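Data first, discussion second: the structure below is written as structure tokens.
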There are 2 protein chains.
Amino acid sequence: MYHSKILVTLRQSILDPQGKAVEHGTHSLGYERVRNVRIGKFVELDVDAASREEAEKITKEVSEKLLANPVMEDFSFTIEKK
Amino acid sequence: MYHSKILVTLRQSILDPQGKAVEHGTHSLGYERVRNVRIGKFVELDVDAASREEAEKITKEVSEKLLANPVMEDFSFTIEKK
């Protein structure tokens, strides 16, 4: 069994209104030195694969097809054996 | 300037219906060996701090007060100098 940790982030060229809202929130709390807040997703999952290569293949395909929007988002992942 | 990467995750004891929905989605796509999907948040931000210690303090406080729900979520972060 392998454990994948996947980060899905908005591309830099895409506006992030949620991040902007959080940034305003930090300033309202008095943390005025916080800048450039960007919000992404963090997905953890297990893959019942026979090899690391197979776990990587499944993680990559699931990220491309389901987790990330290829027009607006990038993803990266790490895999470890459980 | 420092750059913080913050992971906000649901505690293990908390049900994750969004993760369950994604898990069903992976199975519908034919990836039936995907298990235990958990969805969290990934937040990136810059801190205009004079030292790493100050950047860590601000990141920790913002995470506690704004980004994570202390009843249901945990957080962790890394910081690097920009």
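No lab work stands behind these numbers, since they all come straight from the coordinates. Just so it is clear, the model here is predicted, and its values are computed rather than measured. Here Cβ is always computed from backbone atoms with ideal geometry, including for glycine, and neighbour counts include all displayed protein chains.
Looking only at residues that are charged (D, E, K, R) and free of Cβ contacts under 8 Å to residues at least 12 places away in the same chain in segment A:1-46, which one is nearest to the other protein chains (Cβ to nearest Cβ)?
Ranking the candidates gives A:R33 first.
Please verify whether segment B:24-34 includes one or more residues that are assigned to a strand (DSSP E or B), under 14 Å from A:V43 (Cα atoms), out of contact with any Asp or Glu (no Cβ under 8 Å at 6 or more places or on another chain) and of a type outside the set (G, A, S).
Checking segment B:24-34: not a single residue is assigned to a strand (DSSP E or B), under 14 Å from A:V43 (Cα atoms), out of contact with any Asp or Glu (no Cβ under 8 Å at 6 or more places or on another chain) and of a type outside the set (G, A, S).
Cβ-Cβ distance below 9 Å, separation of 6 or more or different chains: which pairs start in segment A:64-79 with a residue that is on the phi > 0 side of the Ramachandran plot and end on one that is in a loop (DSSP other than H, G, I, E, B) and surrounded by 12 or more Cβ atoms within 10 Å (Cβ to Cβ)?
Final answer for the pair search is none.
Of the conditions (1) assigned to a loop (DSSP other than H, G, I, E, B); (2) free of Cβ contacts under 8 Å to residues at least 24 places away in the same chain, B:A49 fails just one. Which one is it?
Result: B:A49 fails condition (2) only.
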